[in-house]
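Notes for the one structure printed next.
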Amino acid sequence: MMEALGGISLLMVGGIVFLVFIILYAFAKFYKKIPQGKAIVRTGVGGGKVAFNKGMYVIPILHQMEIMDISVKKLQIDRLENDGLICKDNIRADIKVAFFVRVNKNIDDVLNVAQIIGTERASDVDTLRNLFEAKFSEALKTVGKSSILSSYMKPAANSVRKSSTSSEPT
């Protein structure tokens, strides 16, 4: 009788140790880390959560995880030949302008962009170009109409100050 109890208790201890290892493995498997310049956006049970420089637990049955690239992206706008910029002195100028866009490293901003545009689309430069090109072209036209061509021969800092406005997709 004592041997049977010893075998059962050994079996129970082995089962408990096995269960602890399973739980520790699950915790390690569900923890997702994120590299610099990206954000984890987790939706599902508990609402939307965002992690930047740390990790986050994502349980597949309860949550959906997406990764958003929040690094700076360069969008170049070319206004050449017939699409050239018309200046105040009615001279057409061929210009190439680079705009740098990024999502603010702020939980509310990342969640807002994820809901409106989506994490995959917000990470794609071509999609961003499609969303912002009309807005940036309008900004260039506005700056061009208020400047004469000779002002573009000076350092570009003057034009950058005039066109540095907050832009949202149209």
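Simple spin-label model, 7 Å along Cα-to-Cβ: Lys38 to Glu66 in nm?
Placing both labels 7 Å along Cα→Cβ, they lie 1.5 nm apart.
Based on the alpha carbon coordinates of the range 1-117, what radius of gyration and maximum Cα-Cα distance (Dmax) apply, in Å?
27.5, 106
Under a crude label model (7 Å from the Cα following the beta-carbon direction), how far is Phe18 from Asn53 in nanometres?
4.3
Once phi is turned into ³J(HN,Hα) by the Karplus curve 6.51 cos²θ - 1.76 cosθ + 1.60 with θ = phi - 60°, what whole-Hz value does each residue of the range 28-40 show in order, with x for glycine and proline?
In residue order, the calculated couplings are 5, 6, 7, 7, 10, 9, 10, x, 4, x, 10, 9, 8 Hz.
Does anything in the range 47-86 have its amide N under 18 Å from the 7 Å Cα→Cβ label point of Lys29, and if so which residues?
56-65
Testing the spin-label approximation: label points 7 Å from Cα along Cα→Cβ at Arg121 and Ile107. State their distance in nm.
Going from the Arg121 label point to the Ile107 one covers 2.6 nm.
Taking 0.36 nm per intervening residue step and subtracting the Cα-Cα distance, what contour gain separates Asp78 from Phe100 on full extension? Present the calculation step by step, with values, prior to reporting the outcome.
Details: separation 22, 0.36 × 22 = 7.92 nm, distance 1.44 nm.
Full-extension gain reported as 6.5 nm.
All of the numbers you see were taken from the coordinates with simple rules; none came from a lab. Computed from a predicted model, the values in this text were never measured in an experiment. All Cβ positions, glycine included, derive from the backbone under ideal geometry; neighbour counts span all protein chains shown.
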